[in-house]
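The values are calculated or read from the model by the stated rules, or taken from the named source; none is laboratory data. Since we're looking at a predicted model, the values are computed, not measured. Quick reminder, even Gly has a Cβ in these numbers, built from the backbone with ideal geometry, and neighbours come from all protein chains shown.
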Amino acid sequence: MASLKIWLIRLRPIIAALLGLSLGIGITALAGESPAHVVAVLVKSALGSPYDLGMTLFYTTPLVFTGLSVAMAFQCGLFNIGAEGQLAMGALWAAVLGIVMPGLPGFVAPVFAVLACILGGAAWGAIPGWLRAKRGSHEVINTIMMNFVSAGVCSYVTLYVFRNTEGQNPETLPIAAAYQLSQFSSFGGAPVSWALILAVLVWAGCIVFLRKTRLGFQLMSVGENESAAEASGISSPKMRILAMAIAGGLAGLVGVGEVLGNAHKFKMGFSADFGFIGIAVALLARGRPEGVLPSAFLFGALHKGTADLDFETTHVTRELALILQALVILSVSADGLWDWMNRIGVKKRTGKAAS
């Protein structure tokens, strides 16, 4: 009985997520659609062919990076709302590097471009981290404002410095061929590149960093109890700046899949709100990096699966993805009700025993 209870506790987030999905799909019946048909369309669109699976993985890749970005900030007690601006800066830095330094050899160029993505995002994330640590400005407000500043900087650089005049779209010149990552041929033409492998490695690296390194322990200590961390000699301002820089660098890695592996240039508005969906990914993972990978895959599958609802159903559109995401987050957030009901049950049993 005790082991069963432990397993139920561990599976509570999964059960809550499935409950949220069930509620969202059940709502489609009120719109006049068969929930079974909606499920069939979602599964077929997300996983029905190598191309569909490839597109699901393509959407999953940036969500792993942005989900980790938000989750790593969570570990230090910070709420990073700025992943959208940080990923744009990382992608822009990679594109600029690929334009201004076309002569780098092929085995070095991608490495430098990945570093540019990390540094671009980390620099943008460190600014609100410094403002929080040194000036007491809340990171939520700062990161929201930095998103708009990032959009303005990216627009200026794209339109007035490195604009591609051969097309009408707001985009930069293409990067040199040495920077471009090859795509996997087993996904039917879907733009799945080595960025997917990088996302898995970075996910594993974040877990090892937090659980096995001294610096990761210090970062989590500030998030758990700042006063105790300070009493132990840990500098909370330094940890906050570091946490936001790490969060920004992780978000900046979105540029690897987009600039190096797909478009081979920086395009204005390339992100399908990956930075904001990353918040939902991290919340579903309960702020823990371990849960980010499956959470990102779920949201990637929803993003791809709902794309065909416009064509395969009469009364349901792709906006169902937003409803499903919201219900999943609400269900996981309501997971605390289980603890509340358990406490109520314990009090009742204790009262009966006392009487």
Test: residue in the range 185-199 that is modelled with pLDDT of 95 or more and under 27 Å from residue 16 (Cβ atoms): yes
Filter result for residue 157 (surrounded by fewer than 17 Cβ atoms within 10 Å (Cβ to Cβ) and touching a residue at least 40 places away in the same chain (Cβ under 8 Å)): no
Helices (runs of 4 or more DSSP H) contained entirely in the range 238-355, each with at least 1 residues that are modelled with pLDDT under 90 and not charged (D, E, K, R): 274-284, 309-312, 320-333, 336-354
Residue within the range 259-267 that is crowded, with 23+ Cβ neighbours inside 10 Å and touching a strand residue (DSSP E or B) at 6+ places or on another chain (Cβ under 6 Å) present: yes
Verdict on residue 166 being acidic (Asp, Glu) and more than 25 Å from the chain's Cα centre (by Cα): yes
Condition check for residue 205: surrounded by 12 or more Cβ atoms within 10 Å (Cβ to Cβ), part of a helix (DSSP H, G or I), within 25 Å of the chain's Cα centre (by Cα) and free of Cβ contacts under 8 Å to residues at least 40 places away in the same chain: yes
Search result, residues across the range 16-69 that are in a helix (DSSP H, G or I) and without any contact (Cβ under 8 Å) to a residue 12 or more places away in the chain: 18, 22, 26, 29, 30, 35, 36, 40
Test set (1) assigned to a helix (DSSP H, G or I); (2) surrounded by 23 or more Cβ atoms within 10 Å (Cβ to Cβ) - residue 80 fails condition number: (1)
Test for residue 180: is it closer than 19 Å to residue 253 by Cα, out of contact with any Asp or Glu (no Cβ under 9 Å at 6 or more places or on another chain) and not aliphatic (A, V, I, L, M): yes
